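Colleague: Sharing a structure, written as structure tokens. Questions coming.
The values are calculated or read from the model by the stated rules, or taken from the named source; none is laboratory data. Just so it is clear, the structure is predicted and the values come from calculations on it, not from any experiment. Methodologically, a virtual Cβ is constructed for each residue, glycine included, from the backbone with ideal geometry; neighbour enumeration extends over all protein chains shown. Accessible surface is based on the protein model in full, side chains and every heavy atom, while ligands, DNA and RNA are left aside. Shrake-Rupley method; radii C 1.70, N 1.55, O 1.52, S 1.80 Å.
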Amino acid sequence: MTIRIPLSAPDITDAEIDAVTAVLRTDRLSLGPELDAFERAVAAYHSIPDAVAVSSGTAGLHLALLALGVGEGQEVIVPSFAFVAVANAVLQVRATPVFVDIDPVTLNLDPALVEEAITPRTRAILVVHTFGVPAEMVRLQEIARRHNLALIEDACEAIGAEYDSRKAGSFGDLAVLGFYPNKQITTGEGGCVLVRNGELADRLRSLRNQGRLSKRRDAAQEMEGDPAASWFEHAEIGYNYRLSELAAALGRVQLDRVDEILAMRRAAAERYQSLLETISDLELPPLALPRRSISWFVYVVRLTGGGPGSPIDSGFRDRVQVQLAGRGVATGRYFAPIHQQPAWCGRPSSVAAKVPITETIARRTLALPFFNRITLAQQEEVAATLSLTMQECKR
Ligand SMILES: *Cc1c(COP(=O)(O)O)cnc(C)c1O
């Protein structure tokens with residue numbers, strides 16, 4: 001079973017290769033000028049005062065919760081229709097995730113249900129911009145303000161997306177970006193925390209660097225070996241969540257190309273729309289939504305057919321997925337609900353989860369091959385193979 005059309009693929013040009021190679025010719029491989037420049041570029045792109053680059057999106061979520069002081073005895077509202085790291089990060093700071101259901105169109109946290117889930121223990125809302133579709137940020141900001149809650153944006157899937165012409169990631173107290181190779185832009189591994197408050201930025205930089213005090217952004221690179229600096233002094237328990245100079249250099253070039261990349265992905269989504277719209281029992285993602293500009297992360301369809309009983313089990317979707325793989329087309333199950341993950345089953349948060357929309361939709365979703373340079377021929381093959389496979393699986 002060879003996969004001929006992958007689910008995702010990074011898009012690395014000579015410019016990225018040159019930038020990484022140039023770093024390798026220097027003697028500064030960590031905490032140097034590339035990190036500084038990448039952070040400034042990410043902050044400027046989002047019109048936010050500062051950005052703290054980290055080793056993954058997951059590390060960013062962890063640090064965001066720590067820096068805001070979220071901890072034991074507190075609840076954080078999260079979606080279950082999301083990547084598992086969203087809930088894991090809450091658990092890692094010993095707080096309790098409270099799973100809230102989603103809007104069936106945008107697949108993002110439903111603000112009305114968020115408000116219902118607030119208790120005296122609620123400390124924060126961690127909202128995910130699912131698949132690059134911005135969440136209801138104006139309403140969520142208003143709810144957070146009224147209940148005195150922190151608002152954290154997980155924008156790992158949504159770089160460049162906009163709500164009311166404002167970038168996803170520029171609404172919350174903190175926001176997290178992710179640069180794993182399947183994201184719109186990549187650093188190999190990496191992430192970034194967007195931050196508007198200088199004290200929080202200092203705290204994030206300290207926590208990512210083993211609790212070392214590096215107040216100024218450019219202080220870190222000079223600390224090692226400087227007897228006056230505090231490289232061997234750790235003010236608090238921190239982590240090694242640093243992003244290397246190589247990764248930062250890669251990210252800088254990718255970010256330079258982000259508009260071009262998002263345009264390629266939008267064009268690919270539009271091509272899928274015209275190739276797939278005639279297939280029955282298939283629901284396509286909306287190409288446009290009010291007040292929003294979508295940053296296309298993945299292209300996720302919903303399989304609505306499959307015979308009697310199909311809406312309540314994932315059997316039809318699962319059969320289609322296996323058959324497609326047999327025909328060389330990779331697909332993904334975005335997302336298996338977090339509260340139903342083996343690692344989460346039976347935990348109090350999962351037992352308490354009442355998320356019927358999440359459970360129904362998750363049984364039918366299928367992410368199709370989707371990357372910057374997917375060709376029309378590849379998309380035609382995906383469409384034809386999907387159509388044929390769905391008909392066979394229905395019989
Ligand atoms: C990709 C992603 C992350 C971060 O993933 P890492 O692999 O740790 O970089 C976090 N949240 C969501 C919703 C994601 O899609």
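Colleague: I'm checking a number: the convex hull volume of the Cα atoms of segment 1-60, normalised per residue, in Å³. What is it?
Modeller: Dividing the Cα hull volume of segment 1-60 by its residue count gives 165 Å³.
Colleague: Work out from phi, with θ = phi - 60° and the Karplus expression 6.51 cos²θ - 1.76 cosθ + 1.60, the ³J(HN,Hα) of each residue of segment 248-265, listed in order in whole Hz, and give x for Gly and Pro.
Modeller: So the Karplus estimates, Gly and Pro as x, are 5, 5, 4, x, 5, 5, 4, 5, 4, 9, 4, 5, 4, 5, 5, 5, 4, 5 Hz.
Colleague: In degrees between 0 and 90, to the nearest 10, how far off the longest principal axis of the chain does helix 376-394 point, with axes built from Cα atoms?
Modeller: With both axes taken from Cα atoms, the answer is about 50 degrees.
Colleague: While we're here: Once amide H atoms are placed 1.01 Å from N in the peptide plane, what residues at a sequence separation of 5 or more from Ser230, or on another chain, have their amide H within under 5 Å of its amide H?
Modeller: The list, which skips near neighbours in sequence, is empty: none.
Colleague: Carbon and sulfur together cover what percent of the accessible area of the chain at a 1.4 Å probe radius?
Modeller: Exposed carbon and sulfur together represent 52 percent of the surface.
Colleague: Something else about it: Hey, if you drop one equal point scatterer on each alpha-carbon of the chain and run the Debye formula without solvent, what base-10 log of I(q)/I(0) do you get at q = 0.08, 0.09, 0.12 Å⁻¹?
Modeller: -0.43, -0.54, -0.95
Colleague: Which GluC sites (Glu not before Pro) in segment 253-338 sit in a loop by DSSP (not H, G, I, E or B) and have at most 13 other Cβ atoms within 10 Å of their own Cβ?
Modeller: Filter output for segment 253-338: Glu277.
Colleague: Next up: Label points 7 Å out from Cα along the Cβ direction at Ala352 and Glu72: separation in nm?
Modeller: 1.7
Colleague: Turning to a different aspect of this structure: Roughly what % of DSSP beta bridges within segment 14-257 run antiparallel, to the nearest 5?
Modeller: 50
Colleague: Right, next: Suppose all protein chains stay in the model; what accessible area per residue would a 1.4 Å probe give for the chain, in Å²?
Modeller: I get 41 Å² per residue for the chain.
Colleague: Pop the C-beta distance of Ala288 and Glu236 into the FRET formula with R0 = 45 Å and round what comes out to the nearest 0.05.
Modeller: Computed FRET efficiency for Ala288 and Glu236: 0.45.
Colleague: Turning to a different aspect of this structure: Using alpha carbon coordinates only, what is the Rg to Rh ratio of segment 259-393, with Rh defined as the Kirkwood radius?
Modeller: 0.99
Colleague: Ok, one more. Taking Cα atoms, how many degrees apart are the long axis of helix 137-146 and the longest axis of the chain, rounded to 10 and kept between 0 and 90?
Modeller: Once rounded, one gets 60 degrees.
Colleague: What list of ³J(HN,Hα) couplings, whole Hz, do you get for segment 123-131 from phi and the Karplus terms 6.51, -1.76, 1.60, once you set θ to phi - 60° and write x for glycine and proline?
Modeller: 10, 8, 10, 10, 9, 9, 8, 5, 6
Colleague: Under a Cβ-only charge scheme (Lys and Arg +1, Asp and Glu -1), can you give me the dipole magnitude of segment 1-140 about the Cα centre, in debye to the nearest 20?
Modeller: 280
Colleague: As a check on your grasp of the helix formula, calculate [θ] at 222 nm for the chain: sum -39500 (n - 2.57) over DSSP H runs of n ≥ 4, divide by the residue count, round to the nearest 500.
Modeller: -11500 deg cm²/dmol
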